[in-house]
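What follows is one structure encoded as structure tokens, with my remarks underneath.
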Amino acid sequence: MLSKEKVDFIGPRAKGLTSGFSFVMDSISGDRTILTYKGVNDALHIDEVPELDTKWIYSSSMMHESFETIVKIAQMTEAKFAFNPSSYQAVQGYEKLKPLIDNLEVLIMNKEEACEFLGLNSGALKTVAELMDMMRHLPPKYLVITNGKDGSYVWDREKMYHAKPSNNVLVETTGAGDSLASGFVAGLAQGKDTLHSLRLGMINCESVISKTGAKEALMYRDEAMQAVMNDVREINISEI
């Protein structure tokens with residue numbers, strides 16, 4: 001599939017380590033649990049990364065040697081960097097993640113990860129807006145926090161926005177946060193403003209959650225941009 005979409009593979013092809021893989025377990029209610037084994041994904045060395053000719057880099061959670069590698073890339077590159085840690089990385093907090101976070105343009109988390117990042121119990125009675133307020137001191141220009149059916153929140157150092165999906169599109173939520181974040185960063189990478197980028201992310205997210213699976217309804221750029229222009233989905237975005 002990566003070859004079909006013309007995605008270049010930049011990592012090592014053989015290290016004597018097992019490839020990473022995930023198990024996705026659905027429940028009757030439509031919730032899901034994802035178990036992930038990182039394998040060789042944790043073993044990317046800086047010497048194995050070619051010179052990157054790009055204006056933007058988006059990284060999901062990377063651990064161990066791979067984390068050290070993306071820190072070096074973020075410190076060396078002039079490209080803008082977006083990062084989405086997992087819960088087992090977010091729980092390490094700012095001090096552990098500081099070398100990367102201090103070089104980010106966009107930091108993306110879900111509400112549970114934000115609570116863990118701040119050292120709060122995930123059941124703490126904090127709204128996403130309150131969590132955003134607690135994270136305003138961080139260097140990234142954009143903070144993004146997703147919160148399931150409640151939608152997503154974005155702060156761009158000037159305003160905070162809340163985008164909520166339509167009630168009639170949800171089939172299954174796997175990939176919702178990733179599709180929102182990738183669409184949002186794609187908008188920024190095209191030079192769009194916060195509102196346009198957030199709308200692009202929400203359109204991509206609504207498409208994904210309208211199908212079962214994380215990638216069945218991911219939108220191509222031209223398709224998503226046309227949907228934004230035509231406003232084919234009633235995306236509810238408000239300023240907080």
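The values are calculated or read from the model by the stated rules, or taken from the named source; none is laboratory data. What you see is a predicted model, and the numbers here were worked out from it, not measured in a lab. A quick note on method: Cβ atoms are made from the backbone with ideal geometry, for glycine too, and the neighbour counts reach across all protein chains shown. With ligands, DNA and RNA removed, areas are computed over all heavy atoms of the protein, side chains included. Shrake-Rupley method; radii C 1.70, N 1.55, O 1.52, S 1.80 Å.
Descriptive notes on the structure:
- Yes/no for F67 being at pLDDT 85 or above, closer than 23 Å to I145 by Cβ and part of a strand (DSSP E or B): no
- The number of residues in the stretch 18-51 being surrounded by 12 or more Cβ atoms within 10 Å (Cβ to Cβ), at pLDDT 75 or above and outside any strand (DSSP E or B) comes to 12.
- Count of residues meeting criterion [of a type outside the set (F, W, Y) and open to solvent by less than 70 Å² (accessible area, probe 1.4 Å)] in the stretch 53-84: 17
- Residues that are under 18 Å from G201 (Cα atoms) and either open to solvent by 10 Å² or more (accessible area, probe 1.4 Å) or hydroxyl-bearing (S, T, Y) (or both), drawn from the stretch 124-150: K141, Y142, T146, N147, G148, K149, D150
- Residue in the stretch 162-171 that is within 16 Å of the chain's Cα centre (by Cα), modelled with pLDDT under 95 and hydrophobic (A, V, I, L, M, F, W, C) present: yes
- Scanning the stretch 105-115 for residues that are surrounded by fewer than 22 Cβ atoms within 10 Å (Cβ to Cβ) and at pLDDT 95 or above yields a count of 1.
- Counting only residues that are assigned to a helix (DSSP H, G or I) and either in contact (Cβ under 8 Å) with a residue 60 or more places away in the chain or under 18 Å from the mean Cα position of the chain (by Cα) (or both), the stretch 74-97 holds 8 of them.
- Scanning the stretch 121-153 for residues that are touching a helix residue (DSSP H, G or I) at 6+ places or on another chain (Cβ under 8 Å) and more than 20 Å from G177 (Cα to Cα) yields N121, A124, L138, P139.
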